[in-house]
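One structure below.
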Amino acid sequence: MIKSLFIKYRSTLIGMVIGAIVGYMYWKWIGCDSGTCPITNSPINSSLYGTLMGGLIVNSFKKEKK
């Protein structure tokens, strides 16, 4: 059952992993020096936001089967 869910949502999961990596890299290289930025002031927040955005972006291009 878990394997079939992984296969069904494979592209979404890949997008989420890529988004998390990009979010972490954004925090590491650009980040927020003042500490007042809610998304980029910690690596966890930035990675979670990247995960969400990666999943949403991949799903926006996904074609639904009829």
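Residues in the range 39-58 that are of a type outside the set (A, V, I, L, M) and modelled with pLDDT of 90 or more: 43, 45, 46, 47, 49, 50, 51, 54, 55.
Only residues that are surrounded by fewer than 16 Cβ atoms within 10 Å (Cβ to Cβ) and either among the acidic types (Asp, Glu) or under 9 Å from the mean Cα position of the chain (by Cα) (or both): list them for the range 23-47, please. Correct list: 33 only. The requirement of being at pLDDT below 85, basic (Lys, Arg) and out of contact with any Lys or Arg (no Cβ under 6 Å at 6 or more places or on another chain) is not satisfied by residue 28.
Residue-by-condition table, conditions (1) hydroxyl-bearing (Ser, Thr, Tyr); (2) at positive phi; (3) touching a residue at least 40 places away in the same chain (Cβ under 8 Å):
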{"position": "6", "(1), (2), (3)": "no, no, no"}
{"position": "17", "(1), (2), (3)": "no, no, no"}
{"position": "22", "(1), (2), (3)": "no, no, no"}
{"position": "33", "(1), (2), (3)": "no, no, no"}
{"position": "45", "(1), (2), (3)": "no, no, no"}
{"position": "49", "(1), (2), (3)": "yes, no, no"}
{"position": "59", "(1), (2), (3)": "no, no, yes"}
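Of the residues making up the range 32-66, those that are under 17 Å from residue 8 (Cβ atoms) and either among the hydrophobic types (A, V, I, L, M, F, W, C) or in a helix (DSSP H, G or I) (or both) are 55, 58, 59, 61.
The values are calculated or read from the model by the stated rules, or taken from the named source; none is laboratory data. Computed from a prediction, not measured in an experiment: that's the story for all the values here. Please note: Cβ atoms are built from the backbone with ideal geometry, for glycine as well, and neighbour counts cover all protein chains shown.
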